[in-house]
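Below is one structure, written out as structure tokens; the observations come after it.
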Amino acid sequence: MNLRQLKYFVAIAAEGSLSSASQKLNVAQPSLSQQIRKLEEDLGVELFLRSSRGVAVTEAGQLLLQRAGQILDWVAETETDLKQMGADPVGEVSFGLPSSISMVLSVPLAETVRMQLPKVKLRAVEAMSGFIQDWLVEQSVDMGMLYDVSAVRHLAYKPLMTEELCFFSAPDAWPFRSRAGQPVRLADLAEVELVLPSRSHGLRALIDRAARANRVDLNVVLEMDALSQIKALVARGSGYTILAPAAAFDRVQRGELLMAPIVDPAISRSIYLVRNPARPQTRAARAIEEVTMEVISDLVRRGIWRAEELHTP
């Protein structure tokens, strides 16, 4: 089995006939037929069911078609990477980011990519974690960030950092007797009206697990999956919320929100960089991954992203 035979096989499967594939490949039909027969003999299986109407892929052919596509993609990517060795990375890279991460990472990452990787086009896509996981499985994005990797079978991931969730209030609506901004016990959050994402959201699932584990009955008066609206409501004094510090850094800096650590116990979550090994990783994608690590380290060092790094820059 060689690459030429695989290319011929994929073309015939796509066209559904030897004659159409022959025209597309600009290869004589007898030669094409001979190569496929040789491939079937070498593998010991029948790859096509032949009829007067054309050809159909057999069960064995379906398996080879899937693997052949991956092999040919890898060969093409390798050829491109080798030709670009010593040159700047080139190409488009798609990156799925949850809203709370995009809030702090997307702009500095985009600016750094433009400066350091001028020939790489970054496409940052903001979505809920569930959508990003689906995109990774479908290979429609090069990489993504997720908080929960317990269900990411067949995906490769590396831990980046852990962050602790915080309680947020309007500066003039602090609900406790303690001094504004002081740490808040998880049990005390049962006393306030909370605005949180819906139960389908990963953040809400994490908060609910922590509350159940500590027998705390949270009073969620409003569910909203849009991060910007949650922050706007809380800033107006229309409720309180629980978020990662990075998700509300902008409003805290402007004095529109007050942030307090949650203790007894703290609620923490890990952040992972995830990709699908079945999708070939280009030089451009590897370069974006490296730049992402650098930007994250800088944000953590400057206190913009309050988290503990787990990777080595």
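The values are calculated or read from the model by the stated rules, or taken from the named source; none is laboratory data. This structure is a prediction, so every number in the text was calculated from the model and none was measured. Quick reminder, even Gly has a Cβ in these numbers, built from the backbone with ideal geometry, and neighbours come from all protein chains shown.
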Scanning region 6-28 for residues that are under 35 Å from the mean Cα position of the chain (by Cα) and farther than 14 Å from R50 by Cα, which turns out surrounded by the most Cβ atoms within 10 Å (Cβ to Cβ)?
Y8
Select from region 115-135 the residues that are in contact with a strand residue (DSSP E or B) (Cβ under 8 Å, 6 or more places away or on another chain) and part of a helix (DSSP H, G or I) and write down the one among them that is farthest from R199 (Cα to Cα).
W135
In region 161-181, how many are aliphatic (A, V, I, L, M) and modelled with pLDDT of 95 or more?
3
If I filter region 52-70 down to residues being out of contact with any helix residue (DSSP H, G or I) (no Cβ under 8 Å at 6 or more places or on another chain) and within 30 Å of P277 (Cα to Cα), which single residue comes out as surrounded by the most Cβ atoms within 10 Å (Cβ to Cβ)?
T58
From the list A110, A127, A156, which residue is within 27 Å of R301 (Cα to Cα) and touching a Ser or Thr at 6+ places or on another chain (Cβ under 9 Å)?
A127
All-but-one check, L32 against (1) surrounded by 14 or more Cβ atoms within 10 Å (Cβ to Cβ); (2) modelled with pLDDT of 85 or more; (3) assigned to a helix (DSSP H, G or I), failing number (2)
Selection from region 193-205 of residues that are under 20 Å from S169 (Cβ atoms) and either free of Cβ contacts under 8 Å to residues at least 12 places away in the same chain or in a helix (DSSP H, G or I) (or both)
L203, R204
Check whether at least one residue in region 278-301 is in contact (Cβ under 8 Å) with a residue 40 or more places away in the chain, in a loop (DSSP other than H, G, I, E, B), in the same structural domain as A190 (by TED's automatic domain parsing) and charged (D, E, K, R), and report yes or no.
no
Only one of (1) of a type in the set (A, V, I, L, M); (2) surrounded by 13 or more Cβ atoms within 10 Å (Cβ to Cβ); (3) more than 24 Å from Q281 (Cα to Cα) fails for L49. Which number is that?
(2)
